[in-house]
1. Taking the range 37-78, which residues are more than 18 Å from Ser158 (Cβ to Cβ) and either in the same structural domain as Pro203 (by TED's automatic domain parsing) or acidic (Asp, Glu) (or both)?
2. Quick one: how many residues across the range 101-120 are in a loop (DSSP other than H, G, I, E, B) and buried (at least 17 other Cβ atoms within 10 Å of the Cβ)?
3. Where in the range 233-317 are the strands (runs of 3 or more DSSP E), entirely inside, with at least 3 residues that are modelled with pLDDT under 90, in contact with a strand residue (DSSP E or B) (Cβ under 9 Å, 6 or more places away or on another chain) and not assigned by TED's automatic domain parsing to the domain that holds Gly99?
4. What are the pairs, 6+ residues apart or on separate chains, where a residue within the range 151-162 that is under 13 Å from His112 (Cα atoms) and touching a residue at least 40 places away in the same chain (Cβ under 8 Å) has its Cβ under 6 Å from a residue that is of a type in the set (Phe, Trp, Tyr) and in a strand (DSSP E or B)?
5. Would you be able to tell me the number of residues in the range 36-58 that are surrounded by fewer than 16 Cβ atoms within 10 Å (Cβ to Cβ) and touching a Phe, Trp or Tyr at 6+ places or on another chain (Cβ under 8 Å)?
6. Can you find, within the range 172-218, the residue that is surrounded by the most Cβ atoms within 10 Å (Cβ to Cβ) among those that are assigned to a strand (DSSP E or B) and among the small types (Gly, Ala, Ser)?
7. Can you pull out every residue in the range 17-36 that is touching a Gly at 6+ places or on another chain (Cβ under 9 Å) and at pLDDT below 95?
8. Kindly indicate whether Leu208 is modelled with pLDDT of 95 or more and not assigned by TED's automatic domain parsing to the domain that holds Met107.
Amino acid sequence: MHQSPTANGRPAPSPSAVEPTLTSTVPKELVHRAAVAEVFLTGCTEADGHHFLLTAQWPRAHGFFTADGGRRHDPLLAAETIRQTGLFLAHTELNVPIGHQFLLQEMEFTAHDERLLIGDSPTDLTIAASCVILDHRERRFAFRMDITVRREGETVASGGGRFTCLPPELYGRIRGHRGSTADLLPAGRPVRAEPRDVGRDAPIDVVLSPTGRSDRWVLNPDPRHATLFDHPSDHIPGMVLVEAARQAAYGALRPHARRPSSVAVVFHRYAELDSPCTIEVTATSGQPGERLAARVTGTQDGAPVFTCTLTGAAGRLRGVAAA
């Protein structure tokens with residue numbers, strides 16, 4: 001077969017010799033992450049109006065999003081996947097410029113625990129997403145996004161969220177001069193809870209301090225946490241609040257706590273860095289084998305910060321790492 005020369009004088013490869021398309025993560029800036037290792041999306045393969053098909057990969061080992069001693073993916077990976085998908089589609093498909101600030105106003109997800117087992121290779125996923133524009137003004141853009149996450153054709157998780165996007169100058173006027181996450185490190189902060197009391201293994205993963213009551217905690221995350229505080233912020237990130245709700249629910253529902261299979265959260269306002277935030281749990285524990293439900297609220301300076309409902313099956317956890 002005749003092969004035409006390329007620019008360097010070598011024969012061009014025949015079609016059968018062309019290498020397959022290589023896989024990489026999407027640019028970290030499109031999902032508002034500083035570390036490439038924290039990017040789970042790998043691309044968008046189809047787009048039709050406001051319906052999209054994306055690809056993603058969950059790692060076999062992750063410093064935070066693992067459960068059951070590394071045997072399962074953490075259900076909160078579904079929440080982070082929703083967050084990243086919303087940001088990515090906003091920038092690439094909905095014309096939101098990089099540099100705009102995002103407000104995640106509400107989010108919910110359901111994860112299928114039996115399909116979260118980690119195999120002998122990273123977990124490749126497809127994500128079917130749909131977006132509905134709710135507000136499209138010159139200085140404010142809002143949309144609703146829903147996704148279904150599939151693994152080898154089976155649904156692993158589903159959920160969605162509502163996002164509002166603001167240009168930097170408007171965000172600056174709303175927020176004013178705020179500190180950074182480094183302000184969470186002054187001396188004299190309360191001692192954090194024991195990891196086993198909130199369903200974690202590592203002390204740095206604990207985001208709560210005890211108050212002497214199992215249904216009341218104080219938010220106290222470590223800003224050096226590489227996943228929860230991937231980059232500087234002028235407020236406590238929403239994912240930290242979701243993790244706080246889960247840890248508080250675990251502490252209130254022991255010994256029959258389980259990983260929540262469904263989570264729904266509404267963010268009422270920013271959680272500021274310089275004021276205590278109280279986390280309270282109202283739980284319906286039932287009997288082992290029954291469905292558990294916990295309503296967790298965050299309050300700061302007398303005003304609600306977030307409300308989160310977590311549900312799942314009852315039963316003892318095997319090992320602390322199954323938070």
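1. Glu38, Glu46, Asp48, Asp68
2. 2
3. 291-300
4. Cβ pairs passing all conditions: Ala157/Phe109; Gly159/Phe109.
5. Of the residues in the range 36-58, 1 are surrounded by fewer than 16 Cβ atoms within 10 Å (Cβ to Cβ) and touching a Phe, Trp or Tyr at 6+ places or on another chain (Cβ under 8 Å).
6. Here the residue is Ser209.
7. Thr23, Ser24
8. Working: modelled with pLDDT of 95 or more: yes; not assigned by TED's automatic domain parsing to the domain that holds Met107: yes.
Yes.
The values are calculated or read from the model by the stated rules, or taken from the named source; none is laboratory data. What you see is a predicted model; the values in this text were computed from it and never measured. Counting neighbours? That spans all protein chains shown, and the Cβs are built from the backbone with ideal geometry, glycine included.
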